[in-house]
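In what follows, a single structure is set out as structure tokens and then discussed.
The values are calculated or read from the model by the stated rules, or taken from the named source; none is laboratory data. Computed from a predicted model, the values in this text were never measured in an experiment. With ideal geometry, Cβ positions are generated from the backbone for all residues, glycine too; neighbour counts draw on all protein chains shown. Keep in mind that these areas ignore ligands, DNA and RNA; they rest on the heavy atoms of the full protein, side chains included. Shrake-Rupley method; radii C 1.70, N 1.55, O 1.52, S 1.80 Å.
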Amino acid sequence: MSGLPTASVPETVKVLTGVIGPVLAGGVIKRRPRVMTLLEKMQADASAVRTLQKLRARHGDGLLRLAVPGRSFAVVLSPDDVGRVLAESPEPFTPANLEKRKALAQFQPHGVLISAGPDRDRRREWTERALETSRPTHHLAPSVRAKVADEFAALGPGQLDWDTFAPVWWRMVRRVVFGDHARDDQATTDLLERLRLAANWSSLMPRRGRLRAEFLGRVRPLLARAPDDSLAGGLAADDEVASQIGHWLFAFDAAGMVTFRTLALLATHPAQRQQARQDLASGTDLGYLRACVLDTVRLWPTTPAILRDTTKELDWHGHRVPAGTGLLVFTPLFHRDDSRLPYAHSFAPEIWLDGRAQEEPSLVPFSAGPGECPAKNLVLFTGSTVLAALIGDRDYTVDSSPKPGPGRPLPATFDNFSLRLTGHP
């Protein structure tokens, strides 16, 4: 059994600087707005996808080991291998990857994503129970709808940019997660933002122990007062729960970006906007809007780098993969693979409704397998409910550049922070 095919040093440098580097620069845990604006101008994801496509053409579509000193690390290049790696988590492909543990320990040391063994099983179980992972619609849906309506009613016609949208989104999120008493508690979510910004630096920055203690000191009383119509209702007010709550808020931050981008797509794609409104008029379960949100995450993944570590030595198609090998699934490579997908650069919500997306094991907007995002259905419901409130009685135009449209390929990198729209009655 031979070792994995290995990229040359120059090829490894191209991956580190052109694929992994932009992801790190943009902020893995908390996005950096100025850097994201620059990456959009560079269309960094398009360049990264081309780099990996060339490596796949040269080395084949198996795992490709990078020439990284002191670390066994490989890039996943095959769509089928993406399916296998995610389906066989947490053993032998653990989500508690080395690099991920160093970063997330800054603000959620007890989080499911960096847990293993019985701790992971227990934490995943109560998380799925609270988020009702297996249900398409959470039992708190009526309460969420009411809170969305309360908050987003204030966003009337006129200019709508990220600085206008985000505060409304976060007021709604705090009410959904903790209850109405947390609506205006921006200090708590600001503390989490500072912890996440520190986590961007992983182990290069010392643990922010005092900052994390302050965050936990604010979250515990919020948990203790959480009513039954909130996600935290009935959960223990301890550090383990507070740690995972930090990740829920992390996920809702990404969900807000996705929702805002989806609004821009609906503003510029009349056929999809009309279909969404037909669904709203018929009183359905927002299935088409959910598909719109899903396809937005496909186009611009909020987790572009899915990481796994092997827990034991593996035979991979005749090649030896050592235990402790880090694996990178760079999702834009597969979501925007125009060598395979005719809709790679188009807004195509229909693929999530007609079975085409389910036939592709590497279309993983919320990851997949046992490590799939437990809040997937909740995020899709919340995002589609917000969109229903926004497009029900108004149209939008996109005032910023680039303008996504149906007649040309969509941008590979799309910065929500610089996106500007105008709502028209």
Practice problem: Enumerate the amide H contacts of Tyr396 below 5 Å, restricted to partners 5 or more residues apart or on another chain; note that Pro and chain-start residues carry no placed amide H. | Solution: His424
Exercise. Determine, for the chain, the count of lysine pairs separated by eight or more sequence positions (or lying on different chains) whose alpha-carbon distance falls under 17 Å.
Key: 4
Self-check item: Probe 1.4 Å - accessible area at His247, Å² to nearest ten
Solution: 30 Å²
Exercise. Please report, in Å, the Rg and the Dmax of the chain, where both are computed over Cα atoms only.
Key: 21.0, 66
Quiz item: Over the chain, what percent of the accessible surface lies on carbon and sulfur atoms, probe 1.4 Å?
Solution: 54 percent
Exercise. Grab the other residues whose beta carbon is less than 14 angstrom from that of Thr12, score K and R as +1, D and E as -1, and report the net.
Key: +4
Exercise. State, to one decimal in nm, how far the label point of Arg122 lies from the label point of Thr137, with both points 7 Å from Cα in the Cβ direction.
Key: 3.6 nm
Quiz item: Summing -39500 (n - 2.57) over the DSSP H runs of n ≥ 4 in the chain and dividing by its residue number, what mean residue ellipticity at 222 nm do you reach, to the nearest 500 deg cm²/dmol?
Solution: -15500 deg cm²/dmol
Quiz item: How many Å³ per residue does the convex hull of the Cα positions in segment 272-415 occupy?
Solution: 137 Å³
Practice problem: Taking amide H positions as placed in the peptide plane 1.01 Å from N, state which residues far from Arg420 in sequence (5 or more) or on other chains have amide H under 5 Å from it. | Solution: Asp399, Ser400
Quiz item: Which whole-number value in Å² is the accessible area per residue of the chain, probe 1.4 Å?
Solution: 40 Å²
Practice problem: Lys and Arg at +1, Asp and Glu at -1: add these up for the other residues within a Cβ distance under 12 Å of Arg183 and post the number. | Solution: -1
Exercise. Read phi for every residue in segment 21-34 and hand back ³J(HN,Hα) as whole Hz from Karplus 6.51 cos²θ - 1.76 cosθ + 1.60, θ = phi - 60°, with x for Gly and Pro.
Key: x, x, 4, 5, 5, x, x, 6, 9, 9, 5, 9, x, 5
Quiz item: How much accessible area does His345 have with a 1.4 Å probe, in Å² rounded to the nearest 10?
Solution: 60 Å²
Self-check item: Solvent exposure ordering (accessible area, 1.4 Å, most first) of Thr164, Thr331
Solution: Thr164, Thr331
Self-check item: Net length gained if the chain between Asp338 and Ser2 were fully extended (0.36 nm per residue, minus Cα distance)
Solution: 117.8 nm
Quiz item: In whole angstrom, and with the biggest value first, how far do the Cα coordinates of segment 354-398 range along each principal axis?
Solution: 39, 22, 20
Quiz prompt | segment 333-425: projected area of the alpha-carbon convex hull, averaged over directions, in nm² | solution = 7.6 nm²
Exercise. Count the net charge of all other residues whose Cβ sits under 14 Å from the Cβ of Asp150, scoring Lys and Arg as +1 and Asp and Glu as -1.
Key: +2
Quiz item: Per residue and in cubic angstrom, what volume does the convex hull of the Cα atoms of segment 96-179 have?
Solution: 140 Å³
Quiz item: Quick one: if you stick a label point 7 Å off each Cα along the C-beta vector at Arg277 and Arg84, how many nm between them?
Solution: 4.9 nm
Self-check item: Karplus-derived HN-Hα couplings along segment 71-86 (A = 6.51, B = -1.76, C = 1.60, θ = phi - 60°), whole Hz, x at Gly and Pro
Solution: 8, 7, 9, 9, 9, 7, 10, 9, x, 5, 5, 4, x, 5, 4, 6
Quiz prompt | Interchain or long-range residues, amide H under 5 Å from Trp316's placed H | solution = Val321
Self-check item: Ser400 - accessible surface, heavy atoms, 1.4 Å probe, Å² rounded to 10
Solution: 10 Å²
Quiz item: Which ³J(HN,Hα) values, rounded to whole Hz and listed in residue order, are derived for segment 369-374 from phi using the Karplus coefficients 6.51, -1.76 and 1.60 in 6.51 cos²θ - 1.76 cosθ + 1.60 with θ = phi - 60°, glycine and proline given as x?
Solution: x, x, x, 4, 3, x
